[in-house]
1. Can you tell me what share of the DSSP beta bridges in the chain is antiparallel? A percent to the nearest 5 is fine.
2. Once Cα extents along the principal axes in Å is worked out from the coordinates, which option in (1) 53, 32, 31; (2) 66, 45, 34; (3) 82, 46, 38 does it equal?
3. Take the chain, mark every one of the chymotrypsin sites (Phe, Trp or Tyr not before Pro) that falls in a DSSP loop and has at most 12 other Cβ within 10 Å, then report the longest stretch left between them, sites excluded.
4. List the aspartates and glutamates whose Cα lies under 17 Å from the Cα of K47, skipping any in the same chain that are fewer than 8 positions away.
5. For helix 207-223, report the angle its Cα long axis makes with the longest principal axis of the Cα atoms of the chain; keep it between 0 and 90° and round to the nearest 10°.
6. Hey, what number do you get for the chain at 222 nm if only DSSP H runs of n ≥ 4 count, each worth -39500 (n - 2.57), divided across all residues, to the nearest 500?
7. Would you work out the relative contact order for the chain, in percent, from Cα pairs under 8 angstrom that are 6 or more residues apart?
8. Work through the residues other than M1 whose Cβ is under 14 Å from its Cβ and net out their charges, Lys, Arg +1 and Asp, Glu -1.
Amino acid sequence: MLILRNATAVQFEPARVDEGVDIAIDGTAIVAVEKNLTARYPAATVKEMQGRLVMPGIVCAHNHFYSGLARGILARIDHCPDFISMLKNLWWKLDRALDEESLYYSELVCSLEAIKQGCTSVIDHHASPSLIGGSLDVLRRGFLTAGLRGMTCYETTDRNGGLDELRRGVEENIRFAHRIDLDKKSGKTPYLVEAHIGAHAPFTLSDAGLELLADAITRAAYSRR
């Protein structure tokens, strides 16, 4: 049992701010938000908050954790007058350079930064063309190490290796979704990470690639029922 004493508690729904309250936490559950909870739970560990803000975790609905090590990067790139040229001249070169080690630490840095900013759940969109198979397991390891909730997928694309590359991305998404299902059933690891399927960028995919992706989404949906 942990009590956060003398906190300013914020609730989103319904919107509400309570000042000078205690928050009692039993394991992973908040069991009470009231004044003077230390008297009710005398054996609890107490952390004095001194009026600091306590609020529900923020959810980030779109991120690319593979780009975490690019912050502050000094790179000489061609002029980028539009989004496509920015992808070609910077981001698609960066994702091709990722290996397992750099991917893991990029994920870990971004996870810790998210938690530091009050974000407790992230929807991530991943790419590492030189490391497709098993890449989502590396990302999941970073989520679990940091204790961050997340959803992640491999961004299926044919920009480097044609439809063969796209198929490998699709299979990585489906493989990862099955692994998540098995882990949930076993209960051996915390259920913090989920799977989904994505493409990046959809407007760069061929019609054949989009059809393959749509078929994969249908197969994945039926297989997880």
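A short reminder: the numbers here are calculations on the coordinates, not readings from a lab. Keep in mind it's a predicted model, so treat the numbers as computed, not measured. FYI the Cβ positions are ideal-geometry reconstructions off the backbone, even for glycines, and counts take in every protein chain you see.
1. Close to 35 percent.
2. (2)
3. 13-190
4. The qualifying aspartates and glutamates are E19, D22, D26, E34.
5. 40 degrees
6. -12000 deg cm²/dmol
7. Details: 359 pairs, mean separation 32.8, N = 225.
Once normalised by length, the contact order is 15 percent.
8. +1
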